[in-house]
Amino acid sequence: MNIHEYQGKSILREFGVSVPVGFVAESPEAAVDVAKKIIAQTGADTFAVKAQIHAGGRGKGGGVKIAKSLDEVKEYAKAILGMNLVTHQTGPEGKMVHKILVEQGIYYPGESKIQEFYMGVLLNRETGRNIIMYSTEGGMDIETVAENTPHLIFKEEIDPKVGLIPFQARRIAFNLGLSGKAYKEMVKFVTALYKAYESSDSSMFEINPVFKTSDDLILAADSKVNLEDNALFRHRNYAEMRDLSEEDPAEVEAGKSDLNFVKLDGNVGCMVNGAGLAMATMDIIKLSGGDPANFLDVGGTANAETVEAGFRIILKDPNVKAILINIFGGIVRCDRVAQGVVEAYHSIGDISIPVIVRLQGTNAEEGKKLIDDSGLKVYSAITLQEAAVLVRELV
């Protein structure tokens, strides 16, 4: 589950990670009130006004501004709130900005002692260990750094049996070229950051940039946090941070029916039981000349209601020219899925695009008979090859 920058920073602050003082606002007037509050707490005379959307590259898209007065805070808040912010992560359609984060200014142009670093904490799935990835090249896309200057990316793997060892935090600070007060502050920062990552059951923490001020303080100037969905039952307060307006409406609707759905850009919708079979089905669609429009796993407990819900979600995509249903009856019975297809047809009404149904396994013959006797315009297939041929002919 992705969360906003201000929410990620609230988690960081909870575990002792240093972050700039800031508050969220939803109107230009509220932004000015927030700035006054920051002045009272810190004495700051500059402010960062930052769009809050679930995407990176906000600064390049005009979603981050540095204000040098309360009037500029209001001006920038008015410009950013309600804008459709387009970044390399939002795609050309962009995202609407409903909230902004107003923070104390920590960047002073012309200061020679400031530095920006990159730091991310995530799971290395190859080794089964958490890893801290960091670089002296903060403020840049880490992919660009990896491509152009891979020697400037460092990695520190953590043994899950013992956790982060103090000398590892010291090595990170040393590799970043720090000394004196900044070195000690970075050691504290890394230790607190890893504790926040592990204790919150996150799947990723990315701080870009980690900021060293001119007086050698270390701050998380940004935060990109991805919380592990399967651990949210342990963190009810984090679950409440979910912002449905930032998520794909089709994926939100699928979640309500316990469907695993991911929208893609193709023209053939697919409904499958099992993630592995879903991947194979998407390969078949691709090899047949089509493009998968989605990943949809109905799971092992599929019934008429979930199949109908899946149909409705797929049909909302105007790019879909056909639907391929590929079911291997193990836990789920093929006749139950077939009944769901028939009921979905009657419930939804006229389905103008062709539907291909391939059933194998438990009660496959009964399921095929239900489809064939329904009188509906549904194409049945026995093998994946037959399904692929139908996709090629119909799309």
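The table that follows gives values for the structure above.
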quantity: Residue list for the range 239-277, given a label point 7 angstrom along the Cα-to-Cβ vector of GLU143 and an amide N cut-off under 19 Å; calculated: 263-266
quantity: Gyration tensor (alpha-carbon) shape descriptor, the range 119-226, a/c threshold 1.5; calculated: rounded
quantity: Length-normalised contact order of the chain in % [C-alpha pairs under 8 Å, at least 6 apart]; calculated: 12
quantity: Violating pairs (Cα-Cα greater than 29 angstrom) within the set LYS95/LYS316; LYS155/LYS286; LYS50/LYS195; LYS78/LYS188; calculated: LYS155/LYS286; LYS78/LYS188
quantity: Among 98-105, 272-279, the order from most to least packed when residues are scored by Cβ within 10 Å on average; calculated: 98-105, 272-279
quantity: The range 1-72-the range 331-369 distance, computed between alpha-carbon centres (Å); calculated: 51
quantity: Prolate/oblate/rounded label for the range 1-152 (Cα gyration tensor, a/c 1.5); calculated: prolate
quantity: Residue-span extension gain [LEU70 to LEU264] - 0.36 nm each, minus C-alpha spacing; calculated: 65.5 nm
quantity: Mean Cβ neighbour count within 10 Å, used as a protection proxy, ranking 252-263, 205-216 highest first; calculated: 205-216, 252-263
quantity: Gyration tensor verdict on the range 98-152 (Cα atoms; rounded if a/c is under 1.5, prolate if a/b is larger than b/c, oblate otherwise); calculated: oblate
quantity: Long-range amide H partners of ASN260 with built H, under 5 Å; calculated: ASP297
quantity: Cβ crowding within 10 Å averaged over residues, with 33-39, 81-87 ranked highest first; calculated: 33-39, 81-87
quantity: Per-residue HN-Hα couplings for the range 45-57 [Karplus 6.51, -1.76, 1.60; θ = phi - 60°; Hz; x = Gly/Pro]; calculated: 10, 10, 9, 9, 10, 10, 5, 10, 9, 8, 6, x, x
quantity: For the chain: span of alpha carbons on each principal axis (Å, largest first); calculated: 78, 49, 39
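Bear in mind that the values in this text are calculations on the coordinates, not laboratory data. All values reported here derive from a predicted model rather than from experimental measurement. Ideal geometry is used to build each Cβ from the backbone, glycine not excepted, and the neighbour counts take in all protein chains shown.
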